[in-house]
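The values are calculated or read from the model by the stated rules, or taken from the named source; none is laboratory data. Keep in mind the model is a prediction, meaning the values are calculated, not measured. Cβ coordinates were reconstructed from backbone atoms using ideal geometry, including for glycine residues, and neighbour counts include every protein chain displayed. In case anyone asks, the SASA skips ligands and DNA or RNA and just uses the protein heavy atoms, side chains included. Shrake-Rupley method; radii C 1.70, N 1.55, O 1.52, S 1.80 Å.
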Amino acid sequence: MFENLTDRLEGVFKKLRGHGILTEENIEEAMREVRMALLDADVNFKVAKDFVASIAEKAVGREVSKSLSPGQQVIKIVHQELVDLLGGDTQQIRLDGRQPVTIMMAGLQGSGKTTTSGKLARMLKEKGRKPYLVPADVYRPAAIEQLQVLGERIGVPVHPSSTDMNPVDICRMAMDAAAVQGCDTLIIDTAGRLHVDEHLMDELKEIRKAIHLSEILFVADSMTGQDAVTVADTFNQALEISGVILTKMEGDARGGAALSIKKVTGKPIKFVGIGEGLDALEIFHPDRVASRILGMGDVLTLIEKA
Amino acid sequence: SRTRETFTYQLDTLFLGKKEIDAKLLDDLEELLITADLGLNVTQEVLDHARRKLKRKELSDPNSLKLALKEKLKSFILEYQEDATLVMPDEGPFVIMVVGVNGVGKTTTIGKIAHKFLRADQSVLLVAADTFRAAAVSQLKIWGERNNVQVISKEEGADPSAVVYDGIAHAKAKGYDVVLVDTAGRLHTQANLMEELKKIKRVMAKQLDGAPHEVMLVIDATTGQNGISQAKLFNEAVTLSGITLTKLDGTAKGGIVINICRELKLPIRFIGVGEQLDDLRDFDPDEFIEALFHSADATQQ
Ligand SMILES: Nc1nc2c(ncn2[C@@H]2O[C@H](COP(=O)(O)OP(=O)(O)OP(=O)(O)O)[C@@H](O)[C@H]2O)c(=O)[nH]1
Ligand SMILES: Nc1nc2c(ncn2[C@@H]2O[C@H](COP(=O)(O)OP(=O)(O)OP(=O)(O)O)[C@@H](O)[C@H]2O)c(=O)[nH]1
Ligand SMILES: [Mg+2]
Ligand SMILES: [Mg+2]
């Protein structure tokens, strides 16, 4: 439906060809179209509203360039602004500082924490680190075994947790066990939980108190809708997350949740998951996701060249 | 308890104390509906419907507006919701094939549905046709233990169709009432995996007339507009017959199913409201629509 945001913006600017400036009036109309595109991409209602308002301000009074049509120019402005908001330059995992490095995964049920733990372990191993996988999900049936299977596939040791143990104790013991095994990077997989589940949110806070955490990564499903802001905000308030990983990005979701989460937490999106395989983890590219949210992949590269 | 009843919030700040319908109220309603993941189209449609009624002076106060909106939304669901209960065949096992994208709650829902049938004195067999995801078979086996029912499975990496073949054969031989088939999560855009699903379905049909009797799509309540694409593509591949909406115990409203019902005319069978055996409820349209209108602010006060 929004493959044609460009067309629709051209419609808005029919009368404004070649020269002139973007006025408050025609921008307002254009922004209505942009807002619709954002909402259709699952950008949160309020986030979309603020975003559109701030862009309208920036666009008014700009001269319409010769090489771009007004519609293209607006898209260029919107796209650039999206890229800036989504993170500017890409950020990776912090591996310096206090050792061992400890990375905890947190997020809603089924978002992809366990799989992503495996993917990250594989990636770090390839970089020459010695990862140690720590299953701290004692609730979901076969969660520990799931991580064990993944660890085996990539040749990374997995802490021998069991379901009768308490997740906080598991993490404490894993710190020592990792040292004994000569591992320098712990990746802690936690159980999926609802942000409104106080008891389980407290559990994560306790882990954070019990051991030093270098990174707390919030793992979110890229297909998430409007609720992404509430969830991300609550996790961030409770834990002060250090980054975000968006999963299942190889599908056809427009991924507006990325913008919502970035906006409410201010935390960088570090990686995206693009498949079930353990090699399906990529660095986050704000420009690609911006294009995707606008629903217009290649059109943009053309505009950018202009 | 890990679950939380989102349906019990009675407060409704949006309409509270309002005497007139003004532009602000309509704007707020737009926000409420979009925020519940109903999507632009449905939201515009119901608001236009309300505006037309307003013009004809059929609505006098915020309350009647609210009622009109609820009725309109319910009509989208109700068209095919009259009776969403599963109807079992007169004889032979009742086969339910559960499908959906990754992590939505298929395996857990199967555990819960098994419990439901057991309580109705039906014998239940589980079939572990997710041979792909790490420890998926073990996960289903644990649900089998919790329900004290048998699970048919093969080793990880086995052909899922072969597992299904064995499962149906066993169910027929032993006279099981209900067979619940768990499939691996897959994105609807993965053509080869959708082909695999078609094959699983063919194998069932070949072995048992009328099977699968239900092809159930599981949708996660936190899903946004992508839910439409999920439903359409799964429907194209294996012709869906019902929906279960999971994770309604969080703050997401699951409004996307209204869209799905409207587009695909599918009944919503169950809702998932937690991770335990009995956290499955029959879908109740009234309750669901009511919950949509309880704004997030209301829950925080
Ligand atoms: N297509 C796709 N599937 C993914 C991706 N990441 C994870 N998954 C799948 O999503 C499902 C859930 O992944 P898990 O890693 O078990 O998720 P989790 O967050 O650990 O789940 P809980 O522990 O139950 O909360 C599995 O089927 C994974 O294979 C991804 O990037 N793409
Ligand atoms: N809060 C809540 N969690 C649920 C509900 N249904 C399932 N879950 C959780 O969601 C996560 C994923 O559930 P699964 O049943 O493994 O999902 P799946 O669709 O089988 O996943 P894959 O087979 O990996 O595609 C688990 O942590 C479940 O406990 C629900 O109704 N509410
Ligand atoms: Mg997990
Ligand atoms: Mg499963």
Q: Filter the range B:106-129 down to residues that are more than 19 Å from B:Lys247 (Cβ to Cβ) and within 11 Å of ligand 2 (Cβ to nearest atom), then give me how many there are.
A: 2
Q) When the range B:119-136 is examined, which residues are found to be free of Cβ contacts under 8 Å to residues at least 40 places away in the same chain and either away from chain A (no Cβ under 14 Å) or open to solvent by 10 Å² or more (accessible area, probe 1.4 Å) (or both)? A) B:Arg119, B:Ala120, B:Asp121
Q: Just give me the residues in the range A:224-249 being more than 17 Å from B:Gly250 (Cα to Cα) and at the interface with chain B (Cβ under 7 Å from one of its Cβ atoms), in sequence order.
A: A:Lys248
Q) Of the residues that sit in the range A:25-73 and are of a type in the set (A, V, I, L, M, F, W, C) and open to solvent by 30 Å² or more (accessible area, probe 1.4 Å), which one is nearest to A:Arg8 (Cα to Cα)? A) A:Met36
Q: Please find, within the range B:260-277, the residue that is nearest to ligand 1 (Cβ to nearest atom) out of those that are within 14 Å of chain A (Cβ to nearest Cβ) and at pLDDT 95 or above.
A: B:Glu275
Q. Strands (runs of 3 or more DSSP E) wholly in the range B:46-153 with at least 2 residues that are small (Gly, Ala, Ser) and in contact with a helix residue (DSSP H, G or I) (Cβ under 8 Å, 6 or more places away or on another chain) - which ones?
A. B:124-129
Q. How many residues are hydroxyl-bearing (Ser, Thr, Tyr) and within 16 Å of ligand 3 (Cβ to nearest atom) when one looks only at the range A:237-251?
A. 1
Q. Which is aliphatic (A, V, I, L, M), within 16 Å of ligand 2 (Cβ to nearest atom) and either away from chain B (no Cβ under 14 Å) or in contact with a Lys or Arg (Cβ under 6 Å, 6 or more places away or on another chain) (or both), of A:Val219, A:Val180?
A. A:Val219
Q: Six or more apart or on different chains, Cβ under 6 Å: which pairs go from a residue in the range A:189-209 that's closer than 20 Å to A:Pro141 by Cβ to one that's within 13 Å of ligand 2 (Cβ to nearest atom) and of a type in the set (Phe, Trp, Tyr)? Could you list them?
A: A:Ala191/A:Tyr139
Q) Which of the residues that make up the range B:277-287 are open to solvent by less than 40 Å² (accessible area, probe 1.4 Å) and under 12 Å from the mean Cα position of the chain (by Cα)? A) B:Leu280, B:Phe283
**Q.** Every residue from the range B:211-233 that is in a helix (DSSP H, G or I) and either buried (at least 24 other Cβ atoms within 10 Å of the Cβ) or facing chain A (nearest Cβ under 8 Å) (or both)
**A.** B:Asn226, B:Gly227, B:Ser229, B:Gln230, B:Ala231
Q) Is one or more of the residues making up the range B:198-206 away from ligand 2 (no atom under 16 Å from the Cβ), more than 24 Å from B:Gln230 (Cβ to Cβ), more than 23 Å from the chain's Cα centre (by Cα) and more than 14 Å from every other protein chain (Cβ to nearest Cβ)? A) yes
Q: Starting from the range B:103-118, keep only residues that are within 12 Å of another protein chain (Cβ to nearest Cβ) and within 17 Å of B:Gly185 (Cβ to Cβ), then list their pairs with residues that are among the hydroxyl-bearing types (Ser, Thr, Tyr) and within 10 Å of ligand 4 (Cβ to nearest atom) whose Cβ atoms are within a distance under 8 Å, requiring at least 6 positions of separation or different chains.
A: B:Lys106/B:Thr183
Q: Note down all Cβ pairs under 6 Å where the first residue falls in the range B:45-65 and is touching a residue at least 40 places away in the same chain (Cβ under 8 Å), the second is open to solvent by less than 50 Å² (accessible area, probe 1.4 Å) and not small (Gly, Ala, Ser), and they're at least six residues apart or on different chains.
A: B:Pro62/B:Phe15; B:Pro62/B:Ile21; B:Leu65/B:Ile21; B:Leu65/B:Leu59
Q) Here are some conditions: (1) more than 22 Å from B:Gly103 (Cα to Cα); (2) within 16 Å of ligand 3 (Cβ to nearest atom). B:Ala171 meets all but one. Which one does it not meet? A) (2)
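To keep it simple, each residue is scored yes or no on (1) within 16 Å of ligand 4 (Cβ to nearest atom); (2) at the interface with chain B (Cβ under 10 Å from one of its Cβ atoms); (3) in contact with a strand residue (DSSP E or B) (Cβ under 8 Å, 6 or more places away or on another chain).
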site: A:Leu95; (1), (2), (3): no, no, yes
site: A:Gly110; (1), (2), (3): yes, yes, yes
site: A:Lys119; (1), (2), (3): no, no, yes
site: A:Gly128; (1), (2), (3): no, no, no
site: A:Leu133; (1), (2), (3): no, no, yes
site: A:Tyr139; (1), (2), (3): yes, yes, no
site: A:Gly151; (1), (2), (3): no, yes, yes
Q) Given the conditions (1) closer than 29 Å to B:Lys247 by Cα; (2) surrounded by fewer than 18 Cβ atoms within 10 Å (Cβ to Cβ), and given that B:Thr35 satisfies all but one, which numbered condition is not satisfied? A) (2)
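Condition check ((1) at positive phi; (2) open to solvent by 10 Å² or more (accessible area, probe 1.4 Å); (3) within 16 Å of ligand 1 (Cβ to nearest atom)) across all residues:
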residue	(1), (2), (3)
B:Glu156	no, yes, yes
B:Leu180	no, no, no
B:Ala205	no, yes, no
B:Asp209	no, yes, no
Q | Members of the range B:167-178 that are buried (at least 21 other Cβ atoms within 10 Å of the Cβ) and more than 16 Å from ligand 4 (Cβ to nearest atom) | A | B:Ile168, B:Ala171, B:Tyr176, B:Val178
Q. In the set A:Val101, A:Val78, which member is more than 16 Å from ligand 1 (Cβ to nearest atom), away from chain B (no Cβ under 14 Å) and under 25 Å from A:Leu213 (Cβ atoms)?
A. A:Val101
Q) Among the residues of the range A:74-97, which ones are at pLDDT 85 or above and surrounded by fewer than 15 Cβ atoms within 10 Å (Cβ to Cβ)? A) A:Asp84, A:Arg94, A:Asp96
Q. Given the structure, is B:Gly224 more than 16 Å from ligand 2 (Cβ to nearest atom) and touching an Asp or Glu at 6+ places or on another chain (Cβ under 6 Å)?
A. yes
(Q) Just the residues that are away from every other protein chain (no Cβ under 14 Å), more than 8 Å from the chain's Cα centre (by Cα) and open to solvent by less than 20 Å² (accessible area, probe 1.4 Å), please, taken from the range A:250-280. (A) A:Thr265
Q. For B:Phe270, are the conditions met, namely being open to solvent by 10 Å² or more (accessible area, probe 1.4 Å), among the aromatic types (Phe, Trp, Tyr) and closer than 20 Å to B:Leu126 by Cβ?
A. yes
Q.
Can you find, within the range A:82-114, the residue that is farthest from the chain's Cα centre (by Cα) among those that are within 23 Å of A:Ala177 (Cβ to Cβ) and of a type in the set (Ser, Thr, Tyr)?
A. A:Thr102
Q) Which residues, taken from the range A:184-210, are more than 16 Å from ligand 2 (Cβ to nearest atom) and within 14 Å of chain B (Cβ to nearest Cβ)? A) A:Asp202
